[in-house]
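Here the structure is laid out as structure tokens; the discussion comes afterwards.
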Amino acid sequence: MHIKKYLDIFYFVIINYKILRKGVITMVCQTLKLGTACTFMSPKGCSFNGGACYSIVESCQGCDRVKEFDAGPYCISYPNPSLKWKMGACNFATHIKAKAPVQNATKVNPLKASKRSAR
């Protein structure tokens, strides 16, 4: 009887795991994003806060990481996109270009510059 119980658990784990690379095993989402690899999925179900991923926010529109599922649009990189946008731009966003910091033109003393080049 114990062997059957262990075999059932073993088969459940094997069916719900997906081997992506040699030696790397990840779980496949069984809640909202069916068929995608999910780091929060466990044999007991989704271990993320609330037991499922949250839908995208308005700021995510146009991002390449947004994928349409049966339950609606979801981010494939982060389970709660609203937290990523809370403190500013999301670091996963592909539709926003990062602005390079503007460097102020610093004035160089010509005497010091000539002395440095003479060395």
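Annotation: amide H of residue 45 has no partner in the under-5 Å range at sequence separation 5 or more or interchain, hydrogens built in the peptide plane.
Among 60, 89, 71, flag the residue with its Cα farthest along the positive direction of the charge dipole of the stretch 54-95, charges on Cβ as +1 for Lys/Arg and -1 for Asp/Glu. Working it through, the farthest residue towards the positive pole turns out to be 89.
Using the per-residue mean of other Cβ atoms lying within 10 Å as a proxy for protection, in what order, highest first, do the peptides 60-73, 100-113 fall? Write down the numbers at each step before the final one.
On the way: 60-73: 13.6, 100-113: 7.1.
Highest mean packing first, the order is 60-73, 100-113.
Average projection, convex hull of the Cα set of the stretch 54-95: 2.6 square nanometres.
Rule-based calculations on the coordinates, nothing more; no lab input. Keep in mind it's a predicted model, so treat the numbers as computed, not measured. Because the Cβ atoms are built from the backbone with ideal geometry, glycine has one as well, and the counts that use them run over all protein chains shown.
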